[in-house]
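Before any comments, here is the structure.
No lab work stands behind these numbers, since they all come straight from the coordinates. Please read all numbers here as calculations on a predicted model, not as lab measurements. Virtual Cβ from ideal backbone geometry, glycine too; neighbours counted across all protein chains shown.
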Amino acid sequence: MALKFSFLGSGSRGNCTLVESDQWKFLIDLGFSLRQTSETLRYCQTGIENLSAAIITHTHDDHIKKSTVKRLASSNVTLFCRNEHESRIGNWEGFKLLREKHLVRPYADNSFEMLPGVTVQPIAVSHDSPATHGFVFDFKTGNSQFRFVYAADCGFPSTDAISKFIPDADLVALEFNHDEEMERRSGRPWFLINRVLGPQGHLSNRSAANLLGKTKSKKLRGVVQLHLSRDCNRPDLAMTEAQNTLGSLPVHQTAQDTIGPIINIA
């Protein structure tokens, strides 16, 4: 099975990942403006009009943008979201048009077939946005199978829910948001520090590495670090935490303004 994972950017100013095969293409999150989404997809030699679907984790502004949703509608691209997400995006012009075209597909707690050969199991995670989820994507063609676990924007209680799916994963994309000491000494307002470190905040380098260490899959081919804070993390700190746990296993990092990594699975 040939799969391609293009991490178009991840951080507090926007999150978007392109997953594609020779049969379909879909986006995880729509956190870029229409212009940036179009530019990053063009770099990947495609466009919104070529997408089969998009799926969103939650409705914070760095994960879904009005302009991009509107373009999905005009391009007849199916949007997978939770019913609870409509409390924020239900009145958007683009979302209304998607609904009129019967292109909104609510996902619940159970696994579902998103596209031919693509089954998705949502993972409810702890975050201060209604119905935030990670995903387990199972790709199957004939006798070939591949599991991709994606979890960003999740407080530390989320590790229990995520840990159930790591042992069978081939590729894991997981939030390594902050170094706890850098966060505490950041000089940010205390309410923000407490939010990030709290149960509905973000996953620290240490928490993410501990999760992977306890549940590492024998099949695991690599880990992608998501949503690194610019102010309260450093790439070397996140990398060291992961490598101390994972050893020689490939660890990739995303950035806010740079496309990558791009991972091809033959």
>> Tell me the mean residue ellipticity at 222 nm calculated for the chain from its helices only (DSSP H runs of n ≥ 4, each -39500 (n - 2.57), averaged over every residue, nearest 500).
In response: -7500 deg cm²/dmol
> Using a Gaussian network for the chain with springs between C-alpha atoms less than 10 Å apart, which of these wobbles most: HIS58, HIS252, HIS133?
Replying inline: HIS252
> Once fully extended, how much extra length lies between TYR43 and PHE191, figured as 0.36 nm per residue of separation less the alpha-carbon to alpha-carbon distance?
Replying inline: 49.4 nm
>> I want to verify the translational diffusion coefficient of region 97-252 in µm²/s; compute it with Stokes-Einstein, Rh as the Kirkwood radius over Cα pairs, at 10 °C and 1.306 mPa s.
In response: 96
> How many nm separate the modelled label positions at MET182 and SER33, each set 7 Å beyond the Cα in the direction of the Cβ?
Replying inline: 2.7
>> Is there a quick way to get the dipole size of the chain? I mean about its Cα centre, with the Cβ of Lys and Arg at +1 and of Asp and Glu at -1; what is the value in debye to the nearest 20?
In response: 240
> aspartates and glutamates within cross-link reach of LYS140: Cα-Cα under 17 Å, excluding same-chain residues under 8 positions apart?
Replying inline: GLU20, ASP22, GLU113, ASP168, ASP170
> When the Cα centres of region 213-251 and region 87-126 are compared, how far apart do they sit, in Å?
Replying inline: 29
>> Which of ILE89, ILE123, ILE28 ends up with the largest GNM mean-square fluctuation for the chain, with Cα atoms connected below 10 Å?
In response: ILE89
